[in-house]
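Heads up: the structure comes next, in structure tokens.
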Amino acid sequence: MTTPHVSLRFSTCDLCDSLKADTSGATRWLPGQRYRSYGARMRFAGPIATVRCLEDNSRVKAAVESFGGGKVLVVDGGGSLRRALLGGNLAASAAKNGWAGLLVHGAVRDLEELRAADVGIFALGHVPMPTERRDEGLSDVPVQIDGQWIRPGEWLYADEDGVVITPTAVHPVG
Ligand SMILES: O=C([O-])CC(=O)C(=O)O
């Protein structure tokens, strides 16, 4: 597997400038304030892998401990802030295994360690309580976040302005 090349000079605003006339619904986006950036990378992009889980990070652990190859892990945690789906150890694994970033629709913890992790981490919030792993959750299934479908293999671009999801890789213009 090769690591996809993504220019980290992309900007979600430039992408949206080039995609704004597309009314097909293929382009989806999430507002920047929905997520806070916790990792060392404020800008990340790559093909999507997914996990859907509720207060059990078994599948997140399995994903970040496997080869990331420049992918972005989208974690649909149901929006729960009761348990942290990612902490310092798993963030370090994600960085070591070449994940470009994680979008966690849920909570994270270990903020100081997350700041040091060379990976993008966007999450709804943080809470100190970890999950109890019961081997529950699904990997590489379509997930729905804020009413928008996000599917494995699609592309995600994230920076401080927000998050853009496209069916295939798109290139910045201008
Ligand atoms: O292990 C967990 O469940 C989350 C965590 O604290 C870590 O990644 O360090």
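The values are calculated or read from the model by the stated rules, or taken from the named source; none is laboratory data. All values reported here derive from a predicted model rather than from experimental measurement. Reconstructed Cβ throughout: ideal geometry from the backbone, glycine too, with neighbour counts over all protein chains shown. Areas reflect the complete protein model, heavy atoms only, side chains present, ligands, DNA and RNA absent. Shrake-Rupley method; radii C 1.70, N 1.55, O 1.52, S 1.80 Å.
Residues 162, 147: which one is touching a residue at least 24 places away in the same chain (Cβ under 8 Å) and either farther than 16 Å from residue 57 by Cβ or acidic (Asp, Glu) (or both)? Exactly one residue qualifies, and that residue is 162. Residue under question is residue 83, and the condition is that it be more than 17 Å from residue 59 (Cβ to Cβ) and open to solvent by 30 Å² or more (accessible area, probe 1.4 Å); does it hold? For residue 83, the condition - more than 17 Å from residue 59 (Cβ to Cβ) and open to solvent by 30 Å² or more (accessible area, probe 1.4 Å) - is not met.
Filtering the stretch 45-70 to residues that are free of Cβ contacts under 8 Å to residues at least 40 places away in the same chain and open to solvent by 10 Å² or more (accessible area, probe 1.4 Å) leaves 65, 66.
Quick check on residue 32: is it surrounded by fewer than 23 Cβ atoms within 10 Å (Cβ to Cβ) and out of contact with any strand residue (DSSP E or B) (no Cβ under 9 Å at 6 or more places or on another chain)? Against the criterion (surrounded by fewer than 23 Cβ atoms within 10 Å (Cβ to Cβ) and out of contact with any strand residue (DSSP E or B) (no Cβ under 9 Å at 6 or more places or on another chain)), residue 32 does not qualify. Among the residues making up the stretch 74-113, those that are near the ligand (Cβ under 9 Å from one of its atoms), assigned to a strand (DSSP E or B) and more than 18 Å from residue 138 (Cβ to Cβ) are 84, 108. Checking each residue in the stretch 120-135 for being more than 12 Å from the ligand (Cβ to nearest atom) and open to solvent by less than 30 Å² (accessible area, probe 1.4 Å) picks out 120, 122, 123, 125.
Checking each residue in the stretch 136-151 for being in a loop (DSSP other than H, G, I, E, B), touching a strand residue (DSSP E or B) at 6+ places or on another chain (Cβ under 9 Å) and open to solvent by 50 Å² or more (accessible area, probe 1.4 Å) picks out 140, 142, 146, 151.
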